[in-house]
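For reference, the structure is listed below as structure tokens.
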Amino acid sequence: MGTLSGKTAVVTGSTSGIGLAYARAFAGAGANIVINGMGAPEDIEKERKAIETDFKVKCVHSPADMSKPAEIAEMIAFAEKTYGSVDVLVNNAGIQFVSPIEEFPIEKWDAIIAINLSSAFHAIRAVVPGMKKRKWGRIINTASAHSLVASPFKAAYVSAKHGIAGLTKTVALELATFKITCNSISPGFVWTPLVEKQIPDTMKTRGLTREQVINDVMLAAQPTKEFVTSEQVAALALYLCGDDAAQINGANLSIDGGWTAA
Ligand code: NAD
């Protein structure tokens with residue numbers, strides 16, 4: 001029996017990267033899973049099936065678009081109908097766009113605020129009635145080092161992530177007496193396929209070696225000079241789901257190799 005046996009976890013943006021690692025960690029602890037996100041149908045099906053066979057739990061995919069409030073509500077209703085409850089919600093879907101403020105495309109600003117911030121509001125709003133009724137829940141929001149400090153050219157992302165930290169605190173205060181906790185996890189640079197794929201291009205455009213790209217560009221702000229792994233982020237989320245973490249509420253937990261200590 002895992003610590004999450006009989007429970008259900010919904011993880012938004014979990015067809016790749018950190019979200020997929022959360023889903024696999026919760027499945028490893030016995031939870032039934034709803035994965036969500038974009039991608040080629042055959043790739044999503046491969047990951048979905050792997051979760052079921054590797055961990056002997058049930059896993060379904062919701063194609064809900066996190067920029068659409070009605071689809072987010074439908075995803076939560078689908079999860080409750082499929083499994084009877086949503087006990088763990090991880091708001092993780094996210095996109096990035098980099099541009100000077102005066103040229104920042106308005107539609108990119110709107111999309112980042114919708115997907116990286118408002119989607120968490122809509123999903124939390126939809127899961128809370130069930131969690132309150134059952135008097136148990138874990139809400140975890142993937143924020144970022146950018147919820148605590150800024151970088152130039154990332155106006156929308158930094159604003160959305162600071163917003164996530166504020167939403168986390170508010171929800172934590174509202175639900176504290178229902179045995180529901182709400183926390184954010186703030187990773188630094190995480191080694192995901194997306195990051196790995198950027199290396200060859202950056203090597204070419206800047207005329208740098210692989211090591212220079214990793215150390216001088218990507219890990220410039222990360223004092224350990226090592227990437228965080230998706231599995232380390234997922235292990236922290238799993239800890240937050242346990243009884244030992246019942247009094248961790250409204251926190252913004254950094255996992256960034258010391259980035260935000262500077
Ligand atoms: P990723 O691109 O590998 O994963 C993003 C996921 O979100 C994918 O499953 C994608 O399909 C999904 N997604 C994107 N738009 C969506 C939409 N409209 N509707 C539904 N799903 C959508 O990225 P990642 O690095 O794993 O990032 C996951 C989260 O972690 C994001 O919130 C990101 O801001 C945060 N984060 C990442 C890093 C990092 O270094 N990789 C650092 C700090 C925080």
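The values are calculated or read from the model by the stated rules, or taken from the named source; none is laboratory data. Fair warning: this is a prediction, and the values are worked out from it, not measured in the lab. Virtual Cβ from ideal backbone geometry, glycine too; neighbours counted across all protein chains shown. For accessibility, only protein heavy atoms count, side chains too; no ligands or nucleic acids. Shrake-Rupley method; radii C 1.70, N 1.55, O 1.52, S 1.80 Å.
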### Failed condition for I199, given (1) part of a helix (DSSP H, G or I); (2) open to solvent by 30 Å² or more (accessible area, probe 1.4 Å); (3) not small (G, A, S)
(2)
### Task
Select from the stretch 211-241 the residues that are open to solvent by less than 20 Å² (accessible area, probe 1.4 Å) and away from the ligand (no atom under 12 Å from the Cβ) and list them in ascending order.
V213, L240, C241
### Task
Count, please, the residues in the stretch 142-200 that happen to be within 16 Å of the ligand (Cβ to nearest atom), over 16 Å from A251 (Cβ atoms) and charged (D, E, K, R).
3
### Query
For A70, are the conditions met, namely being within 11 Å of the ligand (Cβ to nearest atom) and exposed (fewer than 15 other Cβ atoms within 10 Å of the Cβ)?
no
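Quick grid of which residues meet (1) open to solvent by 10 Å² or more (accessible area, probe 1.4 Å); (2) outside the structural domain of D87 (by TED's automatic domain parsing); (3) under 17 Å from I76 (Cα atoms):
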{"position": "P100", "(1), (2), (3)": "yes, no, no"}
{"position": "A111", "(1), (2), (3)": "yes, no, no"}
{"position": "A120", "(1), (2), (3)": "no, no, yes"}
{"position": "R125", "(1), (2), (3)": "yes, no, yes"}
{"position": "H162", "(1), (2), (3)": "yes, no, no"}
{"position": "L167", "(1), (2), (3)": "yes, no, no"}
{"position": "T170", "(1), (2), (3)": "yes, no, no"}
{"position": "A176", "(1), (2), (3)": "yes, no, no"}
### Query
Can you find even one residue in the stretch 134-147 that is open to solvent by 30 Å² or more (accessible area, probe 1.4 Å), assigned by TED's automatic domain parsing to the domain that holds D87 and assigned to a helix (DSSP H, G or I)?
yes
### Message
Whether any residue in the stretch 244-256 is without any contact (Cβ under 8 Å) to a residue 24 or more places away in the chain and not polar (S, T, N, Q) is what I want to check.
### Response
yes
### Task
Scan the stretch 136-144 and give yes if some residue there is farther than 22 Å from S230 by Cα and either within 14 Å of the chain's Cα centre (by Cα) or not polar (S, T, N, Q) (or both), otherwise no.
yes
### Task
Just give me the residues in the stretch 1-28 being away from the ligand (no atom under 11 Å from the Cβ) and either open to solvent by less than 10 Å² (accessible area, probe 1.4 Å) or within 17 Å of the chain's Cα centre (by Cα) (or both), in sequence order.
L4, T8, A9, V10, R24, A25, F26, A27
### Message
Please count how many residues of the stretch 216-254 are among the hydrophobic types (A, V, I, L, M, F, W, C) and over 19 Å from L194 (Cα atoms).
### Response
11
### Restricting the stretch 81-96 to residues that are under 20 Å from the mean Cα position of the chain (by Cα) and open to solvent by 60 Å² or more (accessible area, probe 1.4 Å), the residue that is farthest from K154 (Cα to Cα)
I95
### Query
over 19 Å from A160 (Cβ atoms) and within 16 Å of the ligand (Cβ to nearest atom) - does that describe any residue in the stretch 80-95?
no
